[in-house]
Amino acid sequence: MRDFSHDHRWLSINTATVRAQGDLSAIIEACKRHGIRGLAPWREQVAAIGLKRAAAEIRAGGFALSGYCRGGFLTSDAAHHAAAMDDNYRAVDEAAELQAPCLVLVVGSLPQFSRAGSTPSKDIAGARRQMEDNLALLLDYARRAGVPLAIEPLHPMYAADRACVNTLRHALDICDRLDPARSGSIGVALDVYHTWWDPELEAQIARAGPARLLAFHVCDWLVPTADLLNDRGMMGDGVIDIPRIRGWVEAQGFAGYAEVEIFSTAWWQRPLDEVLATCVARHKTSV
Ligand code: ZN
């Protein structure tokens with residue numbers, strides 16, 4: 001297991017962590033000040049300054065990406081199917097332009113929450129089937145573009161509105177059906193926030209192996225959690241044994257970035273430099 005206690009070369013900042021404090025250009029400049037060389041930008045932040053400019057600033061700053069956020073929401077009613085797929089094809093194209101190592105997917109669940117205006121449904125099993133069919137279409141496109149797809153299993157509290165894939169086992173089952181050769185074209189983004197509670201986590205990480213482990217996201221689980229979406233904790237402030245999980249991941253050969261992804265109304269109110277300095281410090285002590 002790598003020693004993170006002396007430097008932060010393997011720290012990446014998911015730009016949603018500081019999305020309230022500045023645009024992508026401001027975040028890039030701040031990361032330079034803190035010696036941070038990894039980034040995972042979000043589509044809307046890229047769009048806000050323009051794809052070409054974002055790509056140029058990322059390249060000029062010498063950054064590597066740990067992922068691109070995000071594609072998915074693959075479920076819809078028939079009337080919204082084409083738009084859902086087009087949106088995902090564009091996300092793949094953007095990821096290719098940015099030379100991202102993977103496109104992170106929040107796969108979607110019940111159609112009325114996945115694509116606004118879709119006819120409401122309670123059929124989560126049907127949503128899972130449709131999601132997998134559409135994911136197969138997207139995988140064909142992403143393979144041609146050379147962009148690996150990373151399924152992010154989300155905590156079950158998001159099963160209705162964000163992702164019908166809620167365990168690492170389920171995500172890996174899908175990967176095995178769509179890519180039995182383990183070609184590297186599809187795998188998982190493992191986020192400790194979503195998966196730390198899973199009694200199968202260690203075994204499923206071992207099953208994933210290096211071919212499927214495409215990204216590793218960190219933050220912490222606060223007790224109590226005040227908001228289902230925007231109350232994630234800074235590493236070290238909650239109950240997740242992050243170093244233990246990182247040890248399991250690295251035992252499989254994962255040698256990439258630990259990507260800090262914190263959606264938090266509390267941290268969004270702190271100055272940009274304070275948040276990044278805290279991320280660097282906690283990366284050394286709590287990741
Ligand atoms: Zn994540």
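For the chain, what does the helix formula give at 222 nm: sum of -39500 (n - 2.57) over DSSP H segments with n ≥ 4, over the residue count, nearest 500 deg cm²/dmol?
Numbers: 11 runs with 122 residues, N = 287.
Taken over the chain, the calculation gives -13000 deg cm²/dmol.
With a Förster radius of 25 Å applied to the C-beta separation of Ala56 and Ala20, the computed FRET efficiency comes to 0.55. Only beta bridges with both residues in the chain are counted; by DSSP, about 5 percent of them are antiparallel.
Over region 163-265, accessible surface divided per residue gives 35 Å², non-protein components excluded, 1.4 Å probe.
Taking the square roots of five times each eigenvalue of the Cα gyration tensor of region 11-286, the equivalent ellipsoid has semi-axes of 27, 22, 19 Å, listed largest first. To the nearest 10 degrees, how steeply does helix 124-145 sit against the main Cα axis of the chain, on a 0 to 90 scale? Taking Cα atoms only, the helix is inclined about 70 degrees.
Out of the total accessible area of region 11-286 (probe 1.4 Å, heavy atoms of protein only), what percent is carbon and sulfur? Mind dumping the intermediate values first?
Values: 5710 of 10530 Å².
Here it works out to 54 percent.
Once backbone amide H atoms are built at 1.01 Å from N, Thr75 has Ser109 as its partners under 5 Å, excluding neighbours fewer than 5 places away on the same chain.
Taking 7 Å steps out from each Cα toward its Cβ at Ala125 and Asn230 produces label points 3.7 nm apart.
If the convex hull of the alpha-carbon atoms of region 217-287 is projected onto planes in all directions, what is the mean projected area in square nanometres?
Details: hull surface 19.3 nm².
Directional mean of the projected Cα hull area for region 217-287 stands at 4.8 nm².
Of all chymotrypsin sites (Phe, Trp or Tyr not before Pro) in region 120-223, which ones are in loop regions per DSSP and have a Cβ with at most 14 other Cβ atoms within 10 Å?
Values: sites: Tyr141, Tyr158, Tyr193, Trp196, Trp197, Phe216, Trp221; in loops: Trp196, Trp197, Trp221.
In loop regions of region 120-223 (DSSP not H, G, I, E or B), the sparsely surrounded chymotrypsin sites (Phe, Trp or Tyr not before Pro) are Trp197.
The values are calculated or read from the model by the stated rules, or taken from the named source; none is laboratory data. Note that this is a predicted model, so its numbers are computed, not measured. Positions of Cβ are backbone-derived with ideal geometry, glycine not excepted, and every protein chain shown enters the neighbour counts. All accessible areas refer to the heavy atoms of the entire protein, side chains included, with ligands and DNA or RNA removed. Shrake-Rupley method; radii C 1.70, N 1.55, O 1.52, S 1.80 Å.
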